[in-house]
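Taking it in order: structure first as structure tokens, then the write-up.
Values quoted throughout were computed directly from the atomic coordinates according to the rules given, and no laboratory measurement underlies them. What you are looking at is a predicted structure, and each value in this text was computed from that prediction instead of being measured. Don't worry about glycine lacking a Cβ; one is built from the backbone with ideal geometry, like all the others, and counts go over all protein chains shown.
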Amino acid sequence: MTRLIRTWAPTATVAALVTALVTGCGGGDPPVAGSGEPEGAPTTKGSFTAVVSFGDSLSDAGAYAPATSLAGNGSAPYFGGKFTANSATAKVWVENLASTMGLLVTPAEVGFGTSSVKCPAAANPALAATCTAYGQGGSRVTDPNGIGRSGGALTVPMKTQIANHLARFTSFKAGDLILVWGGNNDAFVQFGAFSEAAQRIQTDAAAGRLTADQANLALFQAQNTGQAAMKAAALELAAYVKTEILAKGGRYVVVMNLPDSAFTPFGSTLPANVKPVLSAMVDTFNLWLKEGLTGLPVKLMDQNAAGKDVYANPARFGITNNTVPTCDAAKIAAITRGGVTDGSSLFCNSTPGVPFNGIRTGADVNTWQFADGVHPTPGGHKVISDFVTQQLKSYGWL
Amino acid sequence: MHSNTSIRTSLALLALSALCLAQAPVWAQNQTLKVGGIRYDAHSKSNGVTGIGIPPGADATVGDATTLVFTYEIEVKPNVGIELVIGVPPKIKAQATGSVAFLGEVLTARNVAPTLLVNYHFGQKGDALRPYVGLGINYTKFTGASSPYGWDVKLRDSVGLAGHVGLDYALSKDWGLFASFGMANVKSKLVATGATVLQSTIDFRPRTYAAGAYFKF
């Protein structure tokens, strides 16, 4: 017996140990955030009765038109109102998409400064259900202090946009095509904060108050602070999708990630060492948005990749110029009597021959991509709505 | 399910170990305990550190560590033994290098790294000097990983080949001194999650230098 154990026990021990080491404790790679996918979105055609859009200036169907009142008192007629080259026929992508689907979508709220009207289209009772374009220029995901708010922009954050929809319609309907696309302004706010911090840090470094390493560390931390805020905003947006849209009846839900604003005329003006920080803000948001939506029954549409594709291959999309804004900042400054000096397309009108035409001489709002530093022309918006339509078809929804 | 299996395996292992120990007195001097100091020269190399907002050329290097080492060896045949080597888990520190060198120390962790080796001992029982070589498996688990930057750091467990060469010097029938040099193949994927997600694969390639005393029974 002893003899048997002598020869057998150690071998068995070794075998057991090796088994324990190799299989029992292996573990596998640590989880990497953002490597999962949304799952379980519908695969069948929708019977759509409404396009419900939440977002920012890219999806703004004219919320701030009163700021462009020709009379200057907030009353119609307006010479601008959308963040594109405005005209009687200029449409943003949400409007294009709705019209492709045989639907109409109108702004959920129109106003500027202290006065605004919810669902102005409801003045015609037949249109009372069309005011589901919630996007507003400057809006952020959660923070009501959007870009331009101090100047009168409403900047209702997406969180409140969704709450407003629920307040008006009680719930989401199976016939709603729900489009969620925001966070760009969070990226701009964080990028702005980084840029201010970077200037201070560089000034201190130049004056010898910081060593090169200390300055680099401070820059890293300033960037990381912005990235942390982008992470928070993305996870908040994903949570709203889950608890305020999906849990409240939303069935056909598209969430779009952020395009990289480094690939715009504004982005091209940024110094080479700063531009990647803007991209990092966007990419951080997109990473955590994907993480937050993992396993949820939505479609995550990759506007980031689509935007880069258009920027790299403009001709394929009928674009002949993607570097110069069609709106002329000097003309807009003159039209607004010096009130708007940044060339914002909100105040840009492309109607030929009118005194308030703000288009750069020789520019074409259908073949030039950008109206101002970051916003598309109607031609640029058509590229977006074409992409969205094609994607929706690929989902089997249209 | 998985952990149950592993618990059961561990229990079986404990039972077997107990059995071995219980039987020990009848085996004359075929078991050895060693205790000593060990120096881990991390000698690490990584494929760089990548992540959103991390500039190209970012990297990190793992510092050296010194700790106590214990080994238990049982003779299975003349000249052949099976040895389990366990060190008191040392604190290892990673320092940022390359384009992010200004970050300084970026993480600390402890590595629990048992190594099981099959040794061949040259010479014969009773020789004063007995060199040995061994080849086996190292298992490394990283615990308590933390970062001064607040990242949630996870490292994959590593299983890899290990080998060593050593020399035993007998002071008496039971007691002696030893010195050894070892190498192990320790590779781990690192994921550090904060505002962004940092990833790296670190090839630790540790070299170990150990020396101490042994007792045969």
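Only four residue types carry charge here, +1 at the Cβ of Lys and Arg and -1 at the Cβ of Asp and Glu. Report the dipole size of region A:23-131 about the Cα centre in Debye, rounded to the nearest 20. Don't jump to the answer; show the numbers that get you there.
Working: 4 positive and 7 negative charges, 93 e Å.
Once rounded to the nearest 20, the dipole reads 440 debye.
Towards the positive end of the charge dipole of chain B, with charges on Cβ (+1 Lys, Arg; -1 Asp, Glu), say which of B:Ile92, B:Val76, B:Asn47 has the farthest Cα. Of the options given, the answer is B:Val76. Pairs spanning more than 31 Å between alpha-carbon atoms, out of A:Lys82/A:Lys242; A:Lys290/A:Lys331; A:Lys118/A:Lys242; A:Lys45/B:Lys189; B:Lys93/B:Lys216: A:Lys290/A:Lys331; A:Lys45/B:Lys189; B:Lys93/B:Lys216. Between A:Ser35 and B:Asp174, how high is the FRET efficiency from 1/(1 + (r/R0)^6) when r is the Cβ-Cβ distance and R₀ = 60 Å? Nearest 0.05. After rounding, the FRET efficiency stands at 0.60.
May I ask you to sort A:Met158, A:Met256 by Cβ crowding, counting other Cβ atoms within 10 Å and putting the fewest first? Don't jump to the answer; show the numbers that get you there.
Details: A:Met158 29, A:Met256 26.
Exposure proxy ranking, most exposed first: A:Met256, A:Met158.
A Cβ-based charge dipole, computed about the Cα centre of the protein assembly as shown with Lys and Arg at +1 and Asp and Glu at -1, lands at about 1080 debye. Which residue fluctuates the most in chain B, going by a Gaussian network model with Cα springs under 10 Å, if the choices are B:Arg205, B:Arg156, B:Arg39? Among B:Arg205, B:Arg156, B:Arg39, the largest GNM mean-square fluctuation belongs to B:Arg156. Among beta bridges from DSSP that stay inside chain A, the antiparallel ones total about 30%.
When you work out D = kT/(6 pi eta Rh) for region A:292-398 at 25 °C and 0.890 mPa s, using the Kirkwood radius from C-alpha pairs as Rh and the Stokes-Einstein form, the result is 160 µm²/s.
Give the shape of region A:214-291 as rounded, prolate or oblate, defined through the alpha-carbon gyration tensor: a ≥ b ≥ c are the square roots of its eigenvalues, a/c under 1.5 means rounded, and otherwise the shape is prolate if a/b is larger than b/c and oblate if not.
Values: a/c = 4.61, a/b = 1.86, b/c = 2.48.
Verdict is oblate for region A:214-291.
Applying 1/(1 + (r/R0)^6) with R0 = 45 Å to the Cβ-Cβ distance of A:Gln202 and B:Thr201 gives a FRET efficiency near 0.85. Counting only DSSP H runs of at least 4 residues, each contributing -39500 (n - 2.57), and dividing by the residue count of the protein assembly as shown, the helix-based mean residue ellipticity at 222 nm comes to -9000 deg cm²/dmol.
Taken over the protein assembly as shown, the alpha-carbon convex hull comes to 181 cubic angstrom per residue. Here the Debye sum runs over all C-alpha atoms of region A:161-313 as equal scatterers in vacuum, and log10 of I(q)/I(0) at q = 0.18 Å⁻¹ comes out as -1.03. Each of A:Arg251, A:Arg337, A:Arg200 has some number of other Cβ atoms within 10 Å of its Cβ, and from fewest to most they run A:Arg337, A:Arg200, A:Arg251.
Contact order for region B:139-192, expressed relative to its length and based on alpha carbon pairs under 8 Å spaced 6+ residues apart, stands at 39 percent.
Round to the nearest 0.05 the FRET efficiency obtained for A:Thr294 and B:Gln29 when R0 = 56 Å and r is the Cβ-Cβ distance. Write down the numbers at each step before the final one.
Working: r = 60 Å, r/R0 = 1.06.
Efficiency, rounded to the nearest 0.05: 0.40.
Remark: A:Leu287, A:Leu127 ranked as A:Leu127, A:Leu287, counting other beta-carbon atoms within 10 Å and listing the fewest first.
I need the Kirkwood Rh of region A:151-245: take the reciprocal of the average 1/r across all distinct C-alpha pairs and report it in angstrom.
16.1 Å
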